[in-house]
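Single-structure report; data block below.
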Amino acid sequence: METLTKNSKARRLIVIVTDSFLFTFAFLFAFFLRFDMHIPNAEWSHIQYFAPWGILILIASFYTLGVYSTIWRYTSVPDLWTLIRAVTVAIAGLAAVDYFTSHLNIPRSVIVMTWMFTITAIGASRLGWRLYCELKWGKKSEKNGTTRTLIVGAGDAGVMVARELFQAPSHLKPIGFVDDDPLKKGKTLLGLNVLGTTEDIPQLVEREGIKEIVIAMPSLPGTTIREIVNHCKKTPAKLQILPALHELVSGKISVNKLRNVEVEDLLRREPVQTDFQQIASYLKSKKVLITGAGGSIGSELTRQIASIGPQELILLGQGENSIHTVEQELRWAHPDLNITTYVIDIKNHYILNQIFTQHQPQAIFHAAAHKHVPLMEKQPEEAIKNNAWGTKILAQLAVEHNAERFVMISTDKAVNPTNAMGASKRFAELIIQHYARQAKTRFAVVRFGNVLGSRGSVIPIFKKQIAQGGPVTVTHPDMIRYFMTIPEAVTLVLQAGALSEGGEIFVLDMGTPVRITDLATDLIRLSGYEPGKDIEIQYSGIRPGEKLYEELSHSGEELEKTEHGRIMRIAHCARAYEGSYTPIHELVTMTDEGMYRLERAKALQWLEDVNPTYKPGKESTPITAQEQQIIIAEINNPRKEDKNNKKKRPPIELLDRKERSSARETNSKRIEPEAIAKVP
């Protein structure tokens, strides 16, 4: 580290000396031109007096305006504008010295020419060094072997990727662009031609000898990414992608960000429009407490809230390793942020009260929950203790300690629940609404579906199964789920918290539901295999408590628009509730000792009373070998649309009739497969 610091100081000194020399040269050259290459003796005294002043003012201006903060080999147009501003300020300072020096004067034409020559000389030095570096790294790349690379996207991101590939030491050699904008076809950018459209990729790869393809369009929606990937998969070229905008935290596009295409890219949506001022109004300089801070949603909440600038972050988690990892990450990214972590069970009323008393949190984000459906089906009493009772303790303490806001993370499985996990989360929603009616604290619930890449979700499981050679197991071919990325979900949660006036249930726009079979098929293909040939997909039958289709609102709950396009508010929450209020009253008034001794029969009775759709003990319907073969044939040979009525034929019916009938009665607002594309 010490050696690097010395080298940096030495380079900075060389740059300062070079700039001083170039300014002196520009100043002298301006005098020579002004006096027809013969400077009078009297003017030399002026030069000797003003040149040192000019050098000092120039160096001070360059330091102040950040000229010395740029890296020469990456010099660009914005750096040139910075240089022009800095030189202008320096020459203006020199003119001021000249104005207040009565006995010596610089001709005005000399001042103007010095300004022009200084910009030209120093700008040329920067550009010359950049050209030298590009030539140097280009020769080095040719010596070490290069990979002919095609860039998809001739916009700002594509141009920046190409420029960095030219400048930085990389084995990738840009050959050209492809872009679907007809106005760009045949144009030249950075000396590279726009060779065609994305449909031309297979032919271009063969004709140009392309070995690698880079998709450089970070704002592109997932449907378009899927089309491009399908074109690229017809070629032997390696495929990489520039991440979506929300992943480029620094906002800087770099070849270091390139990675393999993930299934998340195929499900990508338009970037979330966020009102950061509105979010900052209730979080900046505030004490914020986050439960479940080591989990997928909780850890992302810590990252995004930390960037807003709270007074203090209080992180609660039950897993010591995960909470320690998050703490270390935050301390590295925000060294000045006040962070306190606790390894704690949210059912521990006594310790939680001590934490609230000591820190007095003003905003609380409750992300801690048991979410594993099959496990909670085996232990419904634990689902109630953690998800409902834990929520009750936190809500009660928030009221007692005058917290300003309380946001609870809920799930689409809380709607018409058929499993203990979803039923307990619905119970927790009702607990929040109970406290919202009698407190100044602004309580809100944010309900959304599955998030991509969270622990325990299907994608990590599928990836592990593919790595092991298969098979990939899916419960049912008609299984459909909503998905969104973790950063997108958390951003909308923060925005919903800002919209809350107290007692609302917010529902996030989850986009179009996704067939789990399609998700598995995409993952297999992205891994370089062919479904049904290299990796099999097997169907295991619906597990206890699972539904084919998740929902986002109960029958009777009206969805209202909010000022944010992707956040909806449920109107008349209480009016839509069809369960009993007795379990809510019993849980709120129960003692800690009573909850610890909660029996399974009592827990199940509570869940049934609160959720009329929850019927414990339902077994899954297994899929026979014959049905398995029919499904595989359906996937490998999808049915075409009927040209006469333009409607897709319904999917194969594999549930027994009783299960189908029950599912339709239970899911009064379930999404039919034919209507998937119509979901907002």
From phi via Karplus (6.51, -1.76, 1.60), per-residue ³J(HN,Hα) for region 470-482 in Hz, x at Gly/Pro: x, x, 8, 9, 10, 5, 7, x, 9, 5, 10, 9, 7
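Dipole size in debye (nearest 20) for region 146-266 around its Cα centre, Lys and Arg Cβ +1, Asp and Glu Cβ -1?
380 debye
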Beta bridges per DSSP with both ends in region 146-266, % antiparallel, nearest 5: 15 percent
Lys, Arg +1 and Asp, Glu -1 on Cβ, resulting dipole of region 191-238 about Cα centre, debye, nearest 20: 180 debye
Amide proton proximity set for I567, modelled H, under 5 Å, gap of 5+: D509, T562
Per-pair calculated FRET efficiency, R0 = 35 Å: I308 and L190 via Cβ, rounded to 0.05: 0.40
FRET E, pair A601, H324, Förster distance 35 Å, beta-carbon r, rounded to 0.05: 0.35
Per-pair calculated FRET efficiency, R0 = 30 Å: I461 and N402 via Cβ, rounded to 0.05: 0.10
Under 5 Å, built H, 5+ apart or other chain: amide partners of Q538: V472, T473, V474
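What does the C-alpha gyration tensor say about the overall shape of region 146-266? Classify as rounded when a/c is under 1.5, otherwise prolate if a/b is larger than b/c, or oblate.
rounded
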Long-range HN-HN contacts of M217 with modeled amide H, under 5 Å: L242
Above-threshold pairs, the threshold being 29 Å between Cα atoms, out of K234/K413; K425/K533; K238/K464: K234/K413; K425/K533
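We did not get these values from a lab; they are worked out from the coordinates using the rules stated. Note that the structure is a prediction, hence the values are computed from the model and not measured. We place every Cβ from the backbone using ideal geometry, glycine too, and count neighbours over all the protein chains shown.
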